[in-house]
Amino acid sequence: MALLPEILPAEAAMDQVPIGMPNCPTSCGNVSVPYPFGISSRCYLPAFSLTYETSHTPPRLLLGDGTLQVTDIFVNNSTLRTHGPEISVRGSIATGEIANGTWGGQGWGLADGGPYVLSAGHNEFIITGCRLFAELLVAGSDC
């Protein structure tokens with residue numbers, strides 16, 4: 001999933017800016033953490049705080065309430081690549097059951113009106129299993 005910070009400070013996009021603030025960690029596991037993001041106090045701008053979670057190997061970088069795992073940060077195009085939680089839905093067309101799942105929003109720790117929005121063009125919906133049919137409806141969209 002791609003998330004876009006709605007406002008990325010102009011100084012963060014400049015080539016002269018070092019990857020992080022002085023004396024600040026700039027990686028978590030295999031993910032680089034460039035400024036304006038940060039994982040320690042005084043190392044990030046407001047709304048760009050990330051969590052360094054060490055209970056996994058390699059450690060994970062988390063956004064929001066910890067539901068989203070950050071796998072890449074691209075300051076040059078204001079994009080974060082994240083993995084959202086698995087949506088477990090069960091249903092059967094044969095029995096007339098329809099299963100629903102919610103993708104994104106507050107359920108993923110993203111506040112309405114917050115600094116991040118789901119990208120309209122850089123997301124993947126992956127479904128696995130046998131004899132599956134999926135329909136993705138985008139709320140509030142012209143799709």
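No value in this document is a laboratory result; all are computed from the given coordinates. If you're wondering where the values come from, they're calculated on a predicted model, not measured in any experiment. A quick note on method: Cβ atoms are made from the backbone with ideal geometry, for glycine too, and the neighbour counts reach across all protein chains shown.
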Testing the spin-label approximation: label points 7 Å from Cα along Cα→Cβ at N77 and D65. State their distance in nm. 3.1
Expressed in nm to one decimal, what extension gain is obtained for the pair S27 and T51 from 0.36 nm per residue of sequence separation less their Cα-Cα distance? 7.5 nm
